Amino acid sequence: SDVYKRQALLLAMTMSILTAARSDLILSDWMGQTMAVIGNQSVLDLSLPGTHDSLTYDLSLVVSDGGIDGEDDLSAIAHDLTELGIAPDLITDWIRQNAQTQVLNVTEQLDNGIRFIDFRIMYEAVQKEWFGLHMLQTSQPSLDYLHQIREWVDAHPKEIVVLWMSKHGSECKNGTDQFPGVSIEKKQAFWASVMTVLDGVLVDQSLYTLRETAISELVAANQRVVIYASDYIEFTTSSKFAADACYIQNDLPGGIGNFAGCDQDLMTDLRAGASKRASLKAANRFWLVSGASGVGDTIKYSTQMHFNPFLTKDEWQARLSCAKVVGVVNATSWCPESLLGYAQLTNYYRQAWFNFSLDPSCAGCDLPNAVYIDGVAQGGMIATGDRMLTTPDSTPVCEQYEWTSCEFEQPKCSPGHTANGEYTALGVVDTTGYTNGPCAIPFQKHFQCCRDQPLTQESARFGYVATLVAANLRRSCLATTTPECQAMMGLVLREIQKAPMVLWHDDGFGRQATWPRLDDPNPHLPHPHPRPDAGVKMSLFDGSPNWERLDPHPNRNRDRNPKDPSA
């Protein structure tokens, strides 16, 4: 009867509303999920979440032929030494530790919402193949990773992916300046293979323009992979299925050594983001901003710390020099010993400008066409906490530690510290500068005790992908407010609130809650207002900080008896 039909329809409508209210952002299909709202935007309108040095999750222990920029002969020698296994694993493991920027494989990156891939490649003479690289070459040829991208694209028919192919992120270097020692024939043979792998999904830019064509039209035509190619003419023979990487506006703000100045410059750009995007789009340019940061001179000092275990005084001085280069106020002895350590420190300070870019009171604020960043984690988040993404959850975080006096067996660590199983009979120095000499009695050892961290700090994350999705929705919804806009924006904001910006104060790990102050004329100086005594969580879109207290730090620096290293 009509009554039953109306009741069934009402029940269906109610269930639909309830399902929508419970629904989450589907990171693997966020473009398709939001297409009703953002589908009118072109590729040069979008803000894409990306990864920097995207293939470094799978580095081998072999130095790439192009691994040392500007030092082709040295790269070749290092390649031969590592290929033959002559270089000790201790050294090559250290190199990999300082070359890896990602832990998710390329399929996982895409599943977690990444849509810009920094696809760095180099021809390796010994293998006669193209491999990915970042100092070291990848374990597999680069075409293997490209096949994985193609498989993912086929499985997600409403998603668009942008790749940038270069050796080391240089937009306009050409010929052997871009790919040292590689012939035109080898480059074009590789491009032919790329065309074969991505046949049928590459955007034909003679028919569709990145500046004008709506992404809904690209999806409908199955034109869903965009490649920006460095050395465009020689590499692709000016192919209509690629864009010249010279059209990338690649902003590199940096960070290590100048977090305050770099972040202030970024804020200035983002305040005028909408107008900057418009002017670059008019010139057919793709605005890319690096969220990563090089390590600069810190690598020299952290290498001394790692490979000079016999002179504790020198190790301590190297740590102090490294911390000075890192440049975080009051963090006088903080020196990460891996590239991911620097990445997560940089992410901690970068999250503020992601938040700021969505401030509804800033009508001109906007994000670039893509951000590429290190340390992307599951859930489309970036790691901002103390635990390295490569450190198992079962292992203590041991960036800050003390050593026991010489003992035959592992003694009980002092309060607030946990043993990690490491020991040595050599002289040692704590991360507070306290030293212990070598153990003179046979079989005695110093045991390492790691400073405990609150879970909220060691596992802190920020909702990176969701924030960029929100930027895309905001851009479309500013033009017209529809029920779809409101529903989608609500869904994405709920996703962001799963991992909002979390700040705390810990000099030992280089984290400050109220520094740098980007509205100050001297943002590099300590702020006069007192810092919170506990960690804080900052609500999204707050005009002024609304601090929510987290677990207080359990282990402030405490006075120690210099005669008793465990005191």
Expected unfolding gain across Ala487-Ala221 under the 0.36 nm per residue rule, minus the alpha-carbon gap, is 93.0 nm
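Taking a ≥ b ≥ c as the square roots of the eigenvalues of the Cα gyration tensor of segment 226-375, is the shape rounded (a/c under 1.5), prolate (a/b larger than b/c) or oblate? Mind dumping the intermediate values first?
Details: a/c = 3.68, a/b = 1.62, b/c = 2.27.
Oblate shape, in that a/c is at least 1.5 and b/c is the bigger or equal ratio.
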Given unit charges at Cβ for Lys, Arg (+) and Asp, Glu (-), the dipole magnitude of segment 407-478 about its Cα centre in debye, nearest 20, is 560 debye
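Once the Cβ-Cβ distance between Asp177 and Ser206 is put in as r, and R0 is 30 Å, what FRET efficiency do you end up with, to the nearest 0.05? Spell out each step's value before the answer.
Values: r = 28 Å, r/R0 = 0.93.
The formula returns an efficiency of 0.60 here.
Where a ≥ b ≥ c are the square roots of the eigenvalues of the C-alpha gyration tensor, would you call segment 203-267 rounded, which needs a/c under 1.5, or, failing that, prolate if a/b is larger than b/c, or oblate? Kindly include the intermediate steps, with their values, before the conclusion.
On the way: a/c = 3.91, a/b = 1.86, b/c = 2.10.
Judged from the Cα gyration tensor, segment 203-267 comes out oblate (a/c at least 1.5, b/c at or above a/b).
Using a 10 Å cut-off on Cβ atoms, rank the peptides 341-352, 121-132, 402-413, 41-52 from the highest mean neighbour count down.
Packing order, densest peptide first, comes out as 341-352, 41-52, 121-132, 402-413.
Can you give the FRET efficiency for Ile26 and Asp393, using 1/(1 + (r/R0)^6), R0 = 25 Å, r = Cβ-Cβ distance, to the nearest 0.05? Write down the numbers at each step before the final one.
Details: r = 26 Å, r/R0 = 1.04.
Efficiency, rounded to the nearest 0.05: 0.45.
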Probe 1.4 Å, heavy atoms of protein chains only: per residue, the accessible area of segment 350-434 in Å² is 36 Å²
Computed curve, segment 183-241, Cα-only Debye sum without solvent term, log₁₀ I(q)/I(0) at 0.22, 0.31 Å⁻¹, is -0.86, -1.30
Scoring segment 262-335 by relative contact order with C-alpha pairs under 8 Å, at least six apart, yields a percentage of 20 percent
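With a 10 Å radius around each residue's Cβ, average the other Cβ atoms per peptide and rank 225-237, 267-279, 383-395, highest first. Write down the numbers at each step before the final one.
Values: 225-237: 22.8, 267-279: 16.4, 383-395: 18.0.
The densest-packed peptide leads the list: 225-237, 383-395, 267-279.
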With 0.36 nm assigned to each residue of separation and the Cα-Cα distance removed, Thr435 to Gln497 gains 17.9 nm
Expected unfolding gain across Gln188-Ala425 under the 0.36 nm per residue rule, minus the alpha-carbon gap, is 79.7 nm
Note, segment 348-353: 3J(HN,Hα) by Karplus (6.51, -1.76, 1.60, θ = phi - 60°), whole Hz, Gly/Pro = x, goes 4, 7, 5, 4, 5, 7
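Taking all protein chains as present, what is the carbon and sulfur share of the accessible area of segment 189-232, in % to the nearest whole number, probe 1.4 Å? All intermediate terms of the calculation are to be shown ahead of the outcome.
On the way: 770 of 1570 Å².
Of all accessible area on segment 189-232, carbon and sulfur atoms account for 49 percent.
The values are calculated or read from the model by the stated rules, or taken from the named source; none is laboratory data. Keep in mind that this is a model prediction, so the values were computed, not measured. Heads up, the Cβs are rebuilt from the backbone with ideal geometry, glycines too, and the neighbour counts pull from every protein chain shown. Note: accessible area is taken over every heavy atom of the protein model, side chains too, but ligands, DNA and RNA are not part of it. Shrake-Rupley method; radii C 1.70, N 1.55, O 1.52, S 1.80 Å.
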